[in-house]
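Worksheet for the structure shown next.
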Amino acid sequence: MNQNSNIEFISRESLEKLQLSRLKETLRRVYSFSPFYKNLFKKEGLTPSKIKSLKDLPLIPFTTRKDLRENFPYGLLSIPLNDVVRLHTSTGTTGKPKAVFFSRNDINSSAELIARSMKMTGAEKGDVFQNMMGYGLFTGGLISHYGAERLGLLVIPAGAGNTERQIELMFDFKTTVVHITPSYALYLADVMEEKGFNPKKDFNLRILYLGAEPYSEKTREKIERIFTVDAYNSYGLSEMNGPGVAFECKYKEGMHLWEDNFIMEIVDPSTGEPLKEGEEGELVLTSINKEAMPIIRYRTGDLTYIYPEKCNCSRVHRRISRIKGRADDMLIIRGVNVFPSEVERILMDLPEVGRNYQIVLDRKKDLDKMKVRVEIKRDFFDGSLDHLKKVEIKIKAKLKDELMVTPEIELLEPSSLPRTTGKAKRIIDKREI
Ligand code: AMP
Ligand code: ZN
């Protein structure tokens, strides 16, 4: 994997040259193989040769989730089916899943990105990597697995769930590195404590990769404290072949998006107009190092911004901020826009708050109602009723102050909300459409 490591430090100019040549090759590929792209180009009166520079990319229309669904399963396939060696699907909750295909080179390039990302954070040969991302159709498990093996780590393919066994494996094999969803990390800590372990002291953990769902900086800090580890943000999506799209370096200030594999744009989520570096909007990605199913100008739905400054690590690949959520995650409560990630940030900043919360939406007499159900730490929960009331008032005031919403608050004892081993379901929406 070393032959490619200087790709992280080449000049901006060389990077853009590489992007352009990869983009052109990708466009030729999708135009000649994929029925969906052939059609799209024709409709727009475009041919790949019209894209002469990176600035021309916006001539091509966006590809959306709807396009993937409507052209399921093979409409975006850009190599012969018998050259496809792997299929994954995304974790959609409604309708048909989105299918993504991999050629042998795609498997290698995805693994390379994970290996590169892990190396960047200091993981190395000799580390024991327990992979708690789900194996199977979800890209998280297998792609991380291949990447860690490529870097030479000892990989324990534990998958998500079976928490007691996870703890046993961590203990017996002295696991040092884990890839996990933030909600499962908190759950894991709960179970460790229930079983009489001390998450800080009884294990050899040093690095956690947290990803696959939005979470706040406060949650990262909480998880780092619970386990005494360095926790790095890991971002990816099935449509771009899974994890390893963007990853934090040791400075933990934004995630380097691997621009030799993806071209990124930030657009206004409602108009699709381009936004400048530093402005928050929807991330649009073009895969330029994929064979089986490259996607051009994909509307990820994820809200972020590009850091205008160069990182202290001096990598050329620009950084994106922590994902605020998906554009369609935004809740509108009586006219006020609220992102669940902001509720989380506020809750997790309060010393009384435990490890889990849930937002319940309901509608009474045409008015939307929001309720925040939140676990409180044992010490506070077992205190006097008077004290609990004060905690409730404090949470309410904070939410009102910062978000201008006044939800009903329900305080719960630790571990009382349903716990998940994969992506958490934080929003319960009982409103009728
Ligand atoms: P999937 O295709 O099922 O892997 O889901 C990908 C989606 O998960 C992304 O589009 C994001 O919305 C979300 N996601 C993945 N990683 C992160 C992360 N580190 N922070 C926030 N959201 C994430
Ligand atoms: Zn950096």
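Throughout, read-outs are computed from the coordinates displayed, never taken from laboratory work. Since we're looking at a predicted model, the values are computed, not measured. When we count neighbours, we look across all protein chains shown, and the Cβ atoms used for this are built from the backbone with ideal geometry, even at glycine.
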Between Asn108 and Lys389, what length comes free when the chain is fully extended (0.36 nm per residue of separation minus the Cα-Cα distance, one decimal in nm)?
-> 95.6 nm
Got a sec to turn the phi values of the stretch 165-170 into Karplus ³J(HN,Hα) couplings, 6.51 cos²θ - 1.76 cosθ + 1.60 with θ = phi - 60°, whole Hz, x for Gly and Pro?
-> 5, 4, 5, 4, 4, 4
Positive-pole candidate from Leu54, Gly126, Phe171, dipole of the chain, charges at beta carbon | Leu54
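If you count, for each residue, the other Cβ atoms within 10 Å and average over each peptide, how do 201-211, 180-190 line up from highest to lowest? Don't skip to the answer; put the middle values down first.
Values: 201-211: 19.5, 180-190: 23.3.
Sorting 201-211, 180-190 by mean packing, highest first, produces 180-190, 201-211.
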Amide hydrogen neighbours beyond the local backbone of Asp429, cut-off 5 Å, H modeled | Leu361
Quick one: among Glu25, Glu70, Glu194, which has the greatest mean-square fluctuation in a GNM of the chain with alpha-carbon springs under 10 angstrom?
-> Glu194
Taking the simple approach of a point 7 Å from Cα along Cα-to-Cβ for both Arg165 and Asn337, what is their distance in nm?
-> 4.5
For the stretch 120-130, 3J(HN,Hα) per residue [Karplus equation, 6.51 cos²θ - 1.76 cosθ + 1.60, θ = phi - 60°, Hz, x = Gly/Pro] = 4, 8, x, 6, 7, 3, x, 6, 9, 9, 9
Expressed in nanometres to one decimal, the distance between label points 7 Å along Cα→Cβ at Leu412 and Tyr251 is 3.9
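Could you give the length gained by full extension between Glu124 and Ser14, i.e. 0.36 nm per residue of separation minus their alpha carbon distance, to one decimal place? Display every interim value, and only then the final one.
Numbers: separation 110, 0.36 × 110 = 39.60 nm, distance 2.81 nm.
Stretched out fully, the Glu124 to Ser14 stretch lengthens by 36.8 nm.
How would you order 213-225, 154-166 from highest to lowest mean count of nearby Cβ atoms within 10 Å? Don't jump to the answer; show the numbers that get you there.
Working: 213-225: 19.4, 154-166: 17.7.
Descending packing order for the listed peptides: 213-225, 154-166.
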Once the piece of chain linking Tyr135 and Lys364 is laid out straight, how much longer is it, given 0.36 nm per residue of separation minus the C-alpha distance between them?
-> 78.3 nm
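Placing +1 at every Lys and Arg Cβ and -1 at every Asp and Glu Cβ, with all other atoms neutral, what dipole size does the chain have around its Cα centre, in debye to the nearest 20? Write down the numbers at each step before the final one.
On the way: 69 positive and 62 negative charges, 166 e Å.
The calculation lands at about 800 debye.
Quick check on the chain: helices-only [θ] at 222 nm, where DSSP H runs of length 4 and up contribute -39,500 (n - 2.57) each and the sum goes over total residues. Nearest 500, please.
Details: 11 runs with 134 residues, N = 433.
Only helices count here, giving -9500 deg cm²/dmol.
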